[in-house]
């Protein structure tokens with residue numbers, strides 16, 4: 001089991017991974033490289049053993065971008081966490097899966113986006129490096 005499962009996050013990653021389901025072939029290259037096992041296979045409707053795609057558990061994604069780099073079909077995008085809900089809402093997938101899971105997936109994405117916005121607003125502004133003083 002992945003470290004820290006079930007514990008609330010202290011800090012969200014700057015970006016999270018989103019699968020564009022219509023481009024995903026279900027090859028599972030991303031599943032093999034994910035260090036936190038947040039990518040799971042979704043079986044297809046007509047032929048579950050042959051048709052599939054993957055989806056990402058956003059609550060576990062750490063934003064490492066390994067999945068994006070390893071995907072041979074360019075089906076994974078790294079998205080700014082504040083904008084994640086917009087991308088999840090239009091990512092596609094088998095109609096039955098989308099109908100069954102869309103509300104849950106977009107709700108989680110919106111919660112993460114809101115939390116990220118709160119964390120960014122609360123973070124102190126980074127100071128510019130002090131200019132060197134002439135001697």
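The values are calculated or read from the model by the stated rules, or taken from the named source; none is laboratory data. Since the structure is predicted, the reported quantities are computational estimates derived from the model, not experimental observations. Positions of Cβ are backbone-derived with ideal geometry, glycine not excepted, and every protein chain shown enters the neighbour counts.
Key figures
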| read-out | value |
| --- | --- |
| Subset of the stretch 90-103 (residues that are more than 13 Å from the chain's Cα centre (by Cα) and either under 21 Å from residue 13 (Cβ atoms) or in a loop (DSSP other than H, G, I, E, B) (or both)) | 90, 92, 93, 94 |
| Subset of the stretch 1-22 that is part of a loop (DSSP other than H, G, I, E, B) and modelled with pLDDT of 85 or more - its residue that is surrounded by the most Cβ atoms within 10 Å (Cβ to Cβ) | 12 |
| Only one of 119, 110 that is over 24 Å from residue 66 (Cα atoms), part of a helix (DSSP H, G or I) and in contact (Cβ under 8 Å) with a residue 24 or more places away in the chain | 119 |
| Failed item, numbered, when residue 93 is tested on (1) crowded, with 19+ Cβ neighbours inside 10 Å; (2) modelled with pLDDT of 95 or more | (2) |
| Contacts under 8 angstrom Cβ, first residue in the stretch 91-102 being free of Cβ contacts under 8 Å to residues at least 60 places away in the same chain and on the phi > 0 side of the Ramachandran plot, partner surrounded by fewer than 18 Cβ atoms within 10 Å (Cβ to Cβ) and assigned to a helix (DSSP H, G or I), 6 or more apart | none |
